[in-house]
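In what follows, a structure is listed as structure tokens, so that the remarks can point back to it.
The values are calculated or read from the model by the stated rules, or taken from the named source; none is laboratory data. Just so we're clear, the structure is a prediction, and the values are computed from it rather than from any experiment. We place every Cβ from the backbone using ideal geometry, glycine too, and count neighbours over all the protein chains shown. Areas reflect the complete protein model, heavy atoms only, side chains present, ligands, DNA and RNA absent. Shrake-Rupley method; radii C 1.70, N 1.55, O 1.52, S 1.80 Å.
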Amino acid sequence: MRWDHLADTPSAPRPATGDAALFAASAVRTRTFDTPEFRGITFHEVRARSILNRVPGASRMPFEWTVNPYRGCTHACVYCFARKTHSYLDLDTGLGFDSQIVVKTNAAEVLRRQLGARGWQGAHVAMGTNVDCYQRAEGRYRLMPGIIEALRDRANPFSILTKGTLILRDLELLVEAAEVTDVGISVSVGFTDHALWRTVEPGTPSPERRLDVVRALTGRGIGCGVLMAPVIPFLGDRPEELRATVAAIAASGATSVTPLVLHLRPGAREWFMAWLREHHPGLVERYERLYAAGAYAPTWYQRRITRQVHELAAEFGIGPADRGAPRRIARTGRPAGTERPGGDPGQTQLTLM
């Protein structure tokens with residue numbers, strides 16, 4: 001594997017906040033675990049030099065900063081746009097992406113330091129936007145509790161997007177954070193068809209279990225939206241399928257539903273098309289025509305799906321959300337300067353408007 005382009009040396013200057021995570025090749029520890037849930041998976045443990053990543057200005061994303069404690073994802077979604085990132089380390093973007101997981105073991109420690117830096121202004125931090133921070137590996141490495149605590153102690157707004165039910169392990173921390181800052185949670189459920197789920201998202205919890213997460217979060221006063229993604233052309237976009245999915249989302253108590261049509265970036269496109277040729281060969285030519293212009297389906301198709309989902313959402317009593325925006329919920333009210341347990345008594349909380 002090629003780590004050198006990410007490597008740092010003791011004599012090199014420390015990266016500025018927002019630079020890509022850097023770690024020394026000599027510090028990579030490779031491990032496997034002989035347990036059923038991790039069989040066939042290799043973990044590359046690294047110590048990151050930076051964990052806050054600035055989103056490129058040309059990105060379509062509505063946020064500027066992200067935290068990604070993992071690279072690679074055992075959810076093994078065949079369409080995952082993040083597959084290309086594995087090629088930066090000379091790792092395979094297919095099965096390698098699903099089974100070679102990079103773990104930034106000191107993520108919480110580094111984040112706490114960066115949030116306390118003089119130049120940090122308390123900007124919104126998005127998580128789960130590259131690979132899922134509540135994938136199976138999180139059950140062993142437990143990076144997210146420390147990350148949430150660091151954000152909570154600085155009253156720093158954040159959001160999480162996940163397909164993982166493991167987020168409920170951190171429910172109390174999320175409630176505490178929501179008392180002092182804006183916390184936005186979204187769960188990804190693109191469809192409810194079990195046959196489709198088992199083939200395109202084989203490592204994820206079922207759609208029903210994900211919607212149970214929505215119920216649990218809203219039951220504790222944390223508004224939770226659903227990113228209906230991806231809507232998969234010719235497999236999950238028939239009117240009756242869209243209706244069934246939106247109805248299930250509405251029944252879960254979701255505060256919003258936001259559809260997103262499948263997009264196929266380089267890395268993901270090759271892997272998805274190989275899957276399509278094996279499982280649905282009759283659709284290959286239709287996909288080649290639909291995605292002939294690039295990674296995104298034509299605007300007319302995206303608008304059609306968005307209109308259908310929004311009409312169904314209105315029928316079932318839910319609406320679209322501002323993508324990436326945190327949701328303000330009721331707070332208990334805490335005097336300025338009051339610290340959470342475990343926080344640095346010398347810190348003062350940021351004032352958020």
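Laid out as a table, the results:
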quantity	calculated
Per residue solvent-accessible surface (Å²) - the range 74-182, probe of 1.4 Å	30
Percent RCO, i.e. relative contact order, over the range 204-287, from Cα pairs under 8 Å lying at least 6 residues apart	32
Computed accessible area, ASP92, all protein chains, 1.4 angstrom probe, square angstrom	90
Amide H within-cut-off set for ILE185, under 5 Å, with H built and near neighbours excluded	ILE160, GLY225, ARG327
Per residue solvent-accessible surface (Å²) - the range 252-308, probe of 1.4 Å	52
Listed residues THR66, THR255 arranged by accessible area, highest first, probe 1.4 Å	THR255, THR66
The range 84-241: relative contact order as a whole-number percent, Cα under 8 Å and 6+ apart	19
From phi via Karplus (6.51, -1.76, 1.60), per-residue ³J(HN,Hα) for the range 143-159 in Hz, x at Gly/Pro	7, 5, x, x, 5, 5, 4, 4, 5, 4, 5, 9, 6, 8, x, 7, 9
Area of VAL257 that stays accessible when all protein chains are in place (1.4 Å probe, Å², to 10)	0
Cα gyration tensor, the range 177-309 - rounded (a/c under 1.5), prolate or oblate	prolate
Mean separation of Cα contacts under 8 Å (6+ apart) over length of the range 39-171, as relative contact order %	29
Interchain or long-range residues, amide H under 5 Å from TRP65's placed H	VAL55, ALA126
Total formal charge among the other residues, if their Cβ is under 9 angstrom from that of ALA268, Lys/Arg +1 and Asp/Glu -1	+3
Debye, to nearest 20: dipole size of the range 170-232, +1 on Lys, Arg Cβ, -1 on Asp, Glu Cβ	280
